[in-house]
1. Only one of (1) without any contact (Cβ under 8 Å) to a residue 12 or more places away in the chain; (2) not in a loop (DSSP other than H, G, I, E, B) fails for ILE127. Which number is that?
2. Please indicate, with yes or no, whether at least one residue in the range 269-285 is closer than 22 Å to ARG179 by Cβ and assigned to a loop (DSSP other than H, G, I, E, B).
3. Do any strands (runs of 3 or more DSSP E) lying entirely in the range 302-379 carry at least 1 residues that are more than 14 Å from ARG290 (Cα to Cα) and open to solvent by less than 50 Å² (accessible area, probe 1.4 Å), and which ones are they?
4. Can you confirm whether PRO185 is of a type outside the set (D, E, K, R) and farther than 15 Å from PHE5 by Cα?
5. Does any residue of the range 362-383 turn out to be closer than 30 Å to PHE309 by Cα and not assigned by TED's automatic domain parsing to the domain that holds ARG253?
6. So which helices (runs of 4 or more DSSP H) are wholly in the range 395-445 and hold at least 1 residues that are closer than 15 Å to CYS371 by Cβ?
7. Could you tell me whether any residue of the range 49-62 is within 20 Å of SER91 (Cβ to Cβ), touching a strand residue (DSSP E or B) at 6+ places or on another chain (Cβ under 9 Å) and outside any strand (DSSP E or B)?
8. Can you tell me which of SER295, SER249 is within 22 Å of the chain's Cα centre (by Cα), in contact (Cβ under 8 Å) with a residue 40 or more places away in the chain and within 30 Å of LEU313 (Cα to Cα)?
Amino acid sequence: MFHRFRGGIHPPGKKDATRHKPIEPLPPPARVFLPMLMHTGVPCEPIVRPDQEVFMGQLVADSKELMSAPIHSPVSGRVLAIEPHPHPNGSRVLSVIIENDGRDMLHETVHPKGSVESLTPEQLLLIIRGAGIVGMGGSAFPTHLKILKAREKMETRERCDTVIINAAECEPYITADHRLMLEAPEEVLGGLRVLMKLLEPKRAVIAVQSNKRDALEALRRTLPGKTRIELLTLRTRYPQGSDKQVVKSVTGREVPPGQLPSDVKCVVFNANTAAALHRAVTTGQPLIRRIVTVSGSAVANAKNLDVRFGTPLADIFNATGGFREQPVKVLTGGPMMGAAQHDLTAPLIKGCNALLAFAGEDVPPPGNEICIRCGRCARVCPAHLLPIYLYMNERKDRLRELEKLHLDDCIECGSCSYICPGRLHLVHSMRTGKQKLRDSRKEAG
């Protein structure tokens, strides 16, 4: 049984270009560029030096802060430089640049860590943190920290009783999670078993949208005869894949304003994150690669690629045959929540699940922004917000009103902008407003 969350929209799926295309490994480039910020949280610091030889899977950057995730070399080779380089966020970030020797020689630390049953929860946590695993649905939040916070509640009445693998993958074009479940369902299930050992939930669920029934069947065939793992089919609806919305759909629980899924005794992980947990334990491989959907009307041959981190975005597009025509817009991530790119020398980082390039006919020209007071933005907002009022107060810098209207609860899903007949840049306004609030709070101490 699943429950219905408030709001949401039904944009065209646009997944047919890649949903039937198997994952192809992309050979690593001649040079990889590893920014010290590949996750949400505190940037890492390099622990290697120029001219140093490094091996595949070797730790090259780390931080003493808990809100961080270490970075490993995806290739073997030599450190060319440590210097600022373009980042997908639009800035230049200190990066470790490694020349690939083409040999993929593994570092001595990359080896199987043992079975889930033989390892203690403390050992598993160290493995996960050491592997640099983060949320791979787009948030890039350090996974070890999410698990640690959930474990801190285990001895209280607030302990998390439900673990959810979020395989909704609701955003148009993206099929990375879909292909993973079809081609390696044992990795997703293996990662869930790691989480079950760590969190001891009463309920363990893999939630998949109804437009991926073949993936559900692949998971079902892989499950043993007797298992506590549930496979749940969710209604196809955007933004079904948002953590708060998937919690509502699976459990019927509403995450209150300003709170997290853990506050309603749930913890949510992406399907690719679960697979990374499985690999970290069974092979010892740290997080050095991910599946990326490359699609869009300007792409010559849409594909699902297995790409090493640090690969320039231009190289990834070239692997699909390049552009059939000059793109008007390039995004990292999906069309609803993705970030526009202006420099394709920026590298792939951990939270990027798609690369999209659009031709002119798919990008409407700018028009005059005007609100016609239709109220559609409020009806579709899954966070129970009033987007038009947030928009108006952000434009007038009324920060206190933004706080009263709970701007921080906006998940930036883009539903309001998609549905708006007046073509207001609502999501951009939400992001700008959040930055203004952060700056104001920082100034206030």
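The values are calculated or read from the model by the stated rules, or taken from the named source; none is laboratory data. Because the structure is predicted, anything quoted here is derived from the model rather than measured. As a convention, Cβ positions derive from the backbone with ideal geometry for all residues, glycine included, and neighbour counts pool all protein chains shown. Keep in mind that these areas ignore ligands, DNA and RNA; they rest on the heavy atoms of the full protein, side chains included. Shrake-Rupley method; radii C 1.70, N 1.55, O 1.52, S 1.80 Å.
1. (1)
2. Yes, the range 269-285 has at least one match.
3. On the way: elements: 303-308, 329-332, 354-358.
By residue number, 329-332, 354-358.
4. Working: of a type outside the set (D, E, K, R): yes; farther than 15 Å from PHE5 by Cα: yes.
Yes.
5. Looking only at the range 362-383, we keep the residues that are closer than 30 Å to PHE309 by Cα, and these are 362-363.
After this cut, where a residue has to be not assigned by TED's automatic domain parsing to the domain that holds ARG253 as well, the list is 362-363.
Yes, the range 362-383 contains at least one residue that is closer than 30 Å to PHE309 by Cα and not assigned by TED's automatic domain parsing to the domain that holds ARG253.
6. On the way: elements: 399-404, 415-419, 426-444.
The qualifying helices (runs of 4 or more DSSP H) are 415-419, 426-444.
7. Going through the range 49-62, the residues within 20 Å of SER91 (Cβ to Cβ) turn out to be 61.
Cutting the leftovers down to touching a strand residue (DSSP E or B) at 6+ places or on another chain (Cβ under 9 Å) gives us 61.
Filter again for outside any strand (DSSP E or B), leaving none.
No: the range 49-62 contains no residue that is within 20 Å of SER91 (Cβ to Cβ), touching a strand residue (DSSP E or B) at 6+ places or on another chain (Cβ under 9 Å) and outside any strand (DSSP E or B).
8. Numbers: SER249 fails: within 30 Å of LEU313 (Cα to Cα).
Exactly one residue qualifies, and that residue is SER295.
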